[in-house]
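Undergrad: The structure that follows is given in the form of structure tokens.
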Amino acid sequence: MATLVDTNILVDIAVRDPVWVRWSRGQLEKARKRGSVIINQIVYSEFSIRYDSIDAVDLALPEDDFRREGLPWDAAFAASRAFQLYRRRGGPQEKILPDFLIGAHAAIRGYAVLTRDPDGYRTYFPDLEIIAPDTHP
């Protein structure tokens, strides 16, 4: 099964987060053994903020290790539906949050999501397979 990797996992590894680097690196390796490891433009953009050049980002996220996949149009629509539900429940955001786009991409394609922040994914994409610290020790 393919796995879409949330930005927080990549940041843990890049900055060698003392609390999370071991867990995140281990789960990323398990995901690679299960199938393709995928990032999209949203993840790439969020991760890129730490770098001064696209070459540096591409070096940190080599295409041989991270399959790059564009956000499907039906995922953009699904993200809008999830965001609409979020707003109805009192969510204050005026723009569609990155996690809605990431979650919808994974849901539409049938991918798992590897993340340390599973709550929004679970709430708005309940059928999504989520790999998170409380589900995969």
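The values are calculated or read from the model by the stated rules, or taken from the named source; none is laboratory data. Bear in mind that the values here come from a model prediction, so they are computed numbers and not experimental data. Counting neighbours? That spans all protein chains shown, and the Cβs are built from the backbone with ideal geometry, glycine included. Accessible surface areas use protein heavy atoms only, side chains included; no ligands, DNA or RNA. Shrake-Rupley method; radii C 1.70, N 1.55, O 1.52, S 1.80 Å.
Undergrad: Could you please give the count of residues in the stretch 77-97 that are in a helix (DSSP H, G or I) and buried (at least 17 other Cβ atoms within 10 Å of the Cβ)? So that I can check it myself, show each step before the final result.
TA: Residues of the stretch 77-97 that are in a helix (DSSP H, G or I), as a first pass: 77-88.
Next, only the ones that are buried (at least 17 other Cβ atoms within 10 Å of the Cβ) stay: 78-79, 82-83, 86.
Final tally of qualifying residues: 5.
Undergrad: Another question, then. Checking the structure you have, find out if any residue of the stretch 122-136 is of a type in the set (D, E, K, R) and touching a Phe, Trp or Tyr at 6+ places or on another chain (Cβ under 9 Å).
TA: The initial filter retains those residues of the stretch 122-136 that are of a type in the set (D, E, K, R), namely 122, 127, 129, 134.
Okay, now just the ones that are also touching a Phe, Trp or Tyr at 6+ places or on another chain (Cβ under 9 Å), so 129.
Yes: the stretch 122-136 contains one or more residues that are of a type in the set (D, E, K, R) and touching a Phe, Trp or Tyr at 6+ places or on another chain (Cβ under 9 Å).
Undergrad: Further question on the same structure: Which residue is most open to solvent (accessible area, probe 1.4 Å), if the candidates are limited to the stretch 9-40 and must be more than 16 Å from Glu69 (Cα to Cα) and outside any helix (DSSP H, G or I)?
TA: Arg16
Undergrad: If you scan the stretch 25-42, which residues turn out to be over 16 Å from Val11 (Cβ atoms) and among the charged types (D, E, K, R)?
TA: Scanning the stretch 25-42 gives Glu29, Lys30, Arg32, Lys33, Arg34.
Undergrad: Could you check the stretch 95-118 and list, in sequence order, the residues that are touching a Phe, Trp or Tyr at 6+ places or on another chain (Cβ under 6 Å) and under 17 Å from Arg32 (Cα atoms)?
TA: First, the residues of the stretch 95-118 that are touching a Phe, Trp or Tyr at 6+ places or on another chain (Cβ under 6 Å): 96, 100, 103, 107, 113.
Of everything in the stretch 95-118, just one residue is touching a Phe, Trp or Tyr at 6+ places or on another chain (Cβ under 6 Å) and under 17 Å from Arg32 (Cα atoms), namely Val113.
Undergrad: For the stretch 43-52, name all the residues that are buried (at least 20 other Cβ atoms within 10 Å of the Cβ) and among the β-branched types (Val, Ile, Thr). Outline the logic, then answer.
TA: As a first pass, look at the stretch 43-52 and keep what is buried (at least 20 other Cβ atoms within 10 Å of the Cβ): 43, 47.
Scanning the stretch 43-52 gives a single hit, Val43.
Undergrad: Please count how many residues of the stretch 60-69 are under 17 Å from Asp6 (Cβ atoms) and assigned to a loop (DSSP other than H, G, I, E, B).
TA: The initial filter retains those residues of the stretch 60-69 that are under 17 Å from Asp6 (Cβ atoms), namely 60-61, 65-69.
Now narrow it down to the ones that are assigned to a loop (DSSP other than H, G, I, E, B): 61, 65-66, 69.
Total meeting the criteria: 4.
Undergrad: Give the stretch 55-82 a look and list any residue that's more than 19 Å from Ile13 (Cβ to Cβ), of a type in the set (A, V, I, L, M, F, W, C) and without any contact (Cβ under 8 Å) to a residue 40 or more places away in the chain, or say none.
TA: Answer for the stretch 55-82, where residues must be more than 19 Å from Ile13 (Cβ to Cβ), of a type in the set (A, V, I, L, M, F, W, C) and without any contact (Cβ under 8 Å) to a residue 40 or more places away in the chain: Leu71, Trp73, Ala75, Ala76, Phe77, Ala78, Ala79.
Undergrad: Do you know which residues across the stretch 98-132 are touching a Leu at 6+ places or on another chain (Cβ under 7 Å), among the hydroxyl-bearing types (Ser, Thr, Tyr) and in a helix (DSSP H, G or I)?
TA: Tyr121, Tyr124
Undergrad: For Val57, indicate whether it is outside any loop (DSSP other than H, G, I, E, B) and within 21 Å of Lys30 (Cβ to Cβ). Talk me through it step by step, then tell me what you get.
TA: Values: outside any loop (DSSP other than H, G, I, E, B): yes; within 21 Å of Lys30 (Cβ to Cβ): no.
Judged against the criteria, Val57 is not a match.
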